Protein chains: 2
Amino acid sequence: MIAEKMKALVNNSSAIRAMFEEGKKLAKEYGAENVYDFSLGNPNVPAPPEIQKAMCEVAQKEDPVVLHGYMSNSGYEEVRQAVAESLNQRFDTAFEKDNIIMTVGAAGGLNVILKTLLNPQDEVVVIAPYFGEYNSYVSNYDGVIVVVSPNTKDFQPDLEELEKKLTKRTKAVIVNSPNNPTGVVYSKETMEKFTDILKKKQQEFGTNIYLISDEPYRELVYDGVEVPYLTKYYENTIVGYSFSKSLSLPGERIGYLVIPKEVAYAQEIQEAANVATRILGYVNAPSFMQKVVAKCLDAKTDVFYYNRNRETLYGALVEMGFHCIKPEGAFYLFVKSPIEDEKEFCKAAKKYHILIVPGSSFSCPGYVRIAYCVSYETILNSLDSFRQLAEEFRIK
Amino acid sequence: MIAEKMKALVNNSSAIRAMFEEGKKLAKEYGAENVYDFSLGNPNVPAPPEIQKAMCEVAQKEDPVVLHGYMSNSGYEEVRQAVAESLNQRFDTAFEKDNIIMTVGAAGGLNVILKTLLNPQDEVVVIAPYFGEYNSYVSNYDGVIVVVSPNTKDFQPDLEELEKKLTKRTKAVIVNSPNNPTGVVYSKETMEKFTDILKKKQQEFGTNIYLISDEPYRELVYDGVEVPYLTKYYENTIVGYSFSKSLSLPGERIGYLVIPKEVAYAQEIQEAANVATRILGYVNAPSFMQKVVAKCLDAKTDVFYYNRNRETLYGALVEMGFHCIKPEGAFYLFVKSPIEDEKEFCKAAKKYHILIVPGSSFSCPGYVRIAYCVSYETILNSLDSFRQLAEEFRIK
């Protein structure tokens, strides 16, 4: 039979993915245009044209033995150098290639760094609501998740509770801003106070607390909001990045870790992360895509489309009487369920062919996540269904 | 500091990879043409031309939103279907798409299936000499490696010892044929007896023992030798395949698992492997490369080049007095060290700019691995150095 640990995981298997399969089923039954599938963070905006151009160029010009061959487990040196330089230019940092490890997406990067850092029973603090997969990633290395409760006022981290939840066993804290599932960007002020608390606690305990900044949504921001680059706020910051959303390449599994030299035991961590990349079976980030993204570091997905969806859906839902904070980033709306049991609410929504994810999947029951990375047409067509849903729950 | 478990791994970090870095250093110092780097299994034969053609076609014709998007964690359905059909045609099997899970290379596939199957302390039997990374893969899930000692007569598995090493705690047995590091192909007769033992022991213990067939070298065989397809010999067989060697795509991280419906608890294992793919952070095999290999399932790397290297180097080494079994597959020679401590021998070889890997890395001390996936020129140029090495050790 399968492993005990896996049984629980299969049973609890991400509500998000289950919904994905259900969406396909409904679409088959009623036609894709009559199903409003807001369940999955799968970008609907195509990769920018630079990607296709780079793909053809790389495929035609590079020596296939090098292009498809093994390289250092941390990635091609020139790709890592290009990433470092691009970051330095954008954020006035001073990274070198040794600070960059190419990874199999952000999920790969998080697993690599957690494998690198965690001893069994080490605590990893997360800020609810948070991406539910963190539970599995931490459990993969026998770490213990410690949850800071959601601050449902504005979904900035609850700093008082953060301070209380940090202990001598805290090995890492994960932050994710722009946030999945709320779309909230943690402000400069928040992160200054946040990292001050970490510094204080490090000193108090005589430990190193690594701040892992999970940043797949960094480039998806609206209204000119700034996402602070955390290595400048706190020395023990490690950044996990992905091109999944910024260049609409989620299936390609390409991203990187930044392990700055200021991090305590930086060299040991870099070396161990290189080994972890290998022994976790990634071996290296996909070679062709490494070369492709290196040519497209200045390319941008067009946030116009996401922003139009955001404005339209947010405006309409609020007008219908739903409660929701206006997101500044990512492509999610995190809407208060009109009834306490938001899973019931999600079930009701399905009657109107609306697929949304319960907040419980993000350790924040009572809310639902709407992934608006869908066509504008879907947004417009869904509004009647949302209206009927609002009426059923008499939310006005 | 880094995790305790990682410290040991970093210290023991694969001699193969260390050698790889050393090779680059020597090449810089003396010129690449004067260094004979036989340390890494990195194919030197370029990917067949079908690959580049398929890459350009897929990049230009497929909708980028689908091409680079998320799909089921197990892979695109049509890709899995194509793989199943190709296997059925070649091996007269009856696989369907549900039996195939696309993976991040064979290393990814092995990790997925071990995560799926292993409870802590479960035993995984391996046949020495074996790919040293199996130790890490099994340890990732707190399993225990049980080693069947090398049969240095012909490097076929020692079946008597195999029988003794199987216990009630044996969850899986890994075989790798054509074998890394020996190049030996486990014969039909061997595998019939091998699987008979597994069947007997399953019955005796009332357990399921999963045979994991790790097959990255399946297509690299010489002299028309046949590699038995093990699902036909033993119901509880799971196949791990990679396109790394067969299509010279090691850096792309693309392969698949076959979980036939005859396997005990097949459906549970398929579902759990799907979840394991996600939570180990792979999420899915790289999407673009899935589509590319699906178009190239009949393409073949040209073994002519490997075979020429094999014949030339094998012939020359034997003539110099080295002892080595003639490999029937893969691209390795496993040569008896003229002195007991083969690490010393490897060190001596380095003086002549020959880089080879100690057999200890494969749990078979007293031997060295020569990866002959290099240019024919390198083979020819290296012969003088090998001759000097032979003279130093007066092996004739």
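For the structure I just gave you, tell me whether A:A3 is within 30 Å of B:A264 (Cα to Cα) and open to solvent by less than 30 Å² (accessible area, probe 1.4 Å).
yes
The rows are residues; the columns are (1) crowded, with 19+ Cβ neighbours inside 10 Å; (2) not hydroxyl-bearing (S, T, Y).
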position	(1), (2)
A:A316	no, yes
A:M320	no, yes
A:Y332	yes, no
A:E342	yes, yes
A:C346	yes, yes
A:V368	yes, yes
A:L380	no, yes
A:L383	no, yes
A:R387	no, yes
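Taking segment A:302-314 as the range and being open to solvent by less than 20 Å² (accessible area, probe 1.4 Å) and out of contact with any Leu (no Cβ under 8 Å at 6 or more places or on another chain) as the test, only A:N309 passes. For segment B:181-206, the set of residues classified as out of contact with any strand residue (DSSP E or B) (no Cβ under 6 Å at 6 or more places or on another chain) and outside any helix (DSSP H, G or I) consists of B:V184, B:Y186, B:S187, B:G206, listed by residue number. For first residues located in segment B:371-385 and over 16 Å from B:L333 (Cβ atoms), partners that are at pLDDT below 95 and among the charged types (D, E, K, R) and lie 6+ apart or on another chain with Cβ distances below 8 Å form the pairs B:E377/B:E33; B:N381/B:E33. Only residues that are closer than 14 Å to A:V173 by Cα and more than 7 Å from chain B (Cβ to nearest Cβ) were counted in segment A:102-128, giving 9.
The set of residues in segment A:79-90 that are away from chain B (no Cβ under 12 Å), of a type outside the set (K, R) and open to solvent by less than 40 Å² (accessible area, probe 1.4 Å) comprises A:A82, A:V83, A:A84, A:S86, A:L87, A:N88. Here A:A172 qualifies as surrounded by fewer than 24 Cβ atoms within 10 Å (Cβ to Cβ) and closer than 22 Å to A:S242 by Cα.
Filtering segment A:263-291 to residues that are touching a Phe, Trp or Tyr at 6+ places or on another chain (Cβ under 9 Å) and either hydroxyl-bearing (S, T, Y) or more than 13 Å from chain B (Cβ to nearest Cβ) (or both) leaves A:Y282, A:S287.
Does segment B:333-355 contain any residue that is within 14 Å of another protein chain (Cβ to nearest Cβ) and either assigned to a loop (DSSP other than H, G, I, E, B) or among the aromatic types (F, W, Y) (or both)? Before you say what the answer is, go through the steps one by one.
Within segment B:333-355, the subset within 14 Å of another protein chain (Cβ to nearest Cβ) is none.
The answer is no, given that none of the residues of segment B:333-355 is within 14 Å of another protein chain (Cβ to nearest Cβ) and either assigned to a loop (DSSP other than H, G, I, E, B) or among the aromatic types (F, W, Y) (or both).
Which one is surrounded by the fewest Cβ atoms within 10 Å (Cβ to Cβ) among residues in segment B:6-19 that are facing chain A (nearest Cβ under 9 Å) and farther than 23 Å from B:Y332 by Cα? Can you show your working first?
Keep residues of segment B:6-19 that are facing chain A (nearest Cβ under 9 Å), which gives B:6-7, B:9-10, B:13-14, B:17.
Filter once more, keeping what is farther than 23 Å from B:Y332 by Cα: B:6-7, B:9-10.
Details: B:M6: 25, B:K7: 13, B:L9: 22, B:V10: 18.
The residue in question is B:K7.
The single condition among (1) closer than 23 Å to B:Y130 by Cα; (2) free of Cβ contacts under 8 Å to residues at least 60 places away in the same chain; (3) more than 22 Å from the chain's Cα centre (by Cα) that B:V335 does not satisfy is (3). The condition (being out of contact with any Lys or Arg (no Cβ under 7 Å at 6 or more places or on another chain) and either open to solvent by less than 40 Å² (accessible area, probe 1.4 Å) or not β-branched (V, I, T) (or both)) is satisfied by just one residue among A:V185, A:V144, A:V148: A:V185.
Quick one: is B:Y76 under 30 Å from B:R387 (Cα atoms), more than 8 Å from chain A (Cβ to nearest Cβ) and not polar (S, T, N, Q)? Working first, answer last.
Working: under 30 Å from B:R387 (Cα atoms): no; more than 8 Å from chain A (Cβ to nearest Cβ): yes; not polar (S, T, N, Q): yes.
Answer is no for this residue.
The single condition from (1) open to solvent by less than 10 Å² (accessible area, probe 1.4 Å); (2) under 12 Å from the mean Cα position of the chain (by Cα) that A:S248 fails is (2). Evaluation of B:V357 against the conditions (1) open to solvent by less than 10 Å² (accessible area, probe 1.4 Å); (2) touching a Leu at 6+ places or on another chain (Cβ under 8 Å) shows that the sole unmet condition is (2). Being more than 7 Å from chain A (Cβ to nearest Cβ), open to solvent by less than 20 Å² (accessible area, probe 1.4 Å) and at pLDDT 95 or above narrows it down to one residue among B:A299, B:A294; which is it? None of the others qualify; the one that does is B:A299.
So how many residues does segment B:46-71 have that are open to solvent by less than 30 Å² (accessible area, probe 1.4 Å) and more than 8 Å from chain A (Cβ to nearest Cβ)? Step through it out loud before you land on a result.
Step one: list which residues in segment B:46-71 are open to solvent by less than 30 Å² (accessible area, probe 1.4 Å), which gives B:47-48, B:51, B:54-56, B:58-59, B:67-69, B:71.
When the remaining residues are screened for being more than 8 Å from chain A (Cβ to nearest Cβ), the result is B:48, B:54, B:58.
Selection size over segment B:46-71: 3.
Those helices (runs of 4 or more DSSP H) of segment B:53-161 in which at least 1 residues are more than 23 Å from the chain's Cα centre (by Cα) and within 26 Å of A:S244 (Cα to Cα), considering only elements entirely within it, cover B:64-67, B:77-91. Scan segment A:20-45 for residues that are open to solvent by less than 20 Å² (accessible area, probe 1.4 Å) and within 13 Å of chain B (Cβ to nearest Cβ) and report the count. Selection size over segment A:20-45: 5.
Kindly provide the set of residues from segment A:199-217 that are in contact (Cβ under 8 Å) with a residue 60 or more places away in the chain and either among the hydrophobic types (A, V, I, L, M, F, W, C) or surrounded by fewer than 23 Cβ atoms within 10 Å (Cβ to Cβ) (or both), ordered by number.
A:I212
The values are calculated or read from the model by the stated rules, or taken from the named source; none is laboratory data. Since we're looking at a predicted model, the values are computed, not measured. Reconstructed Cβ throughout: ideal geometry from the backbone, glycine too, with neighbour counts over all protein chains shown. All accessible areas refer to the heavy atoms of the entire protein, side chains included, with ligands and DNA or RNA removed. Shrake-Rupley method; radii C 1.70, N 1.55, O 1.52, S 1.80 Å.
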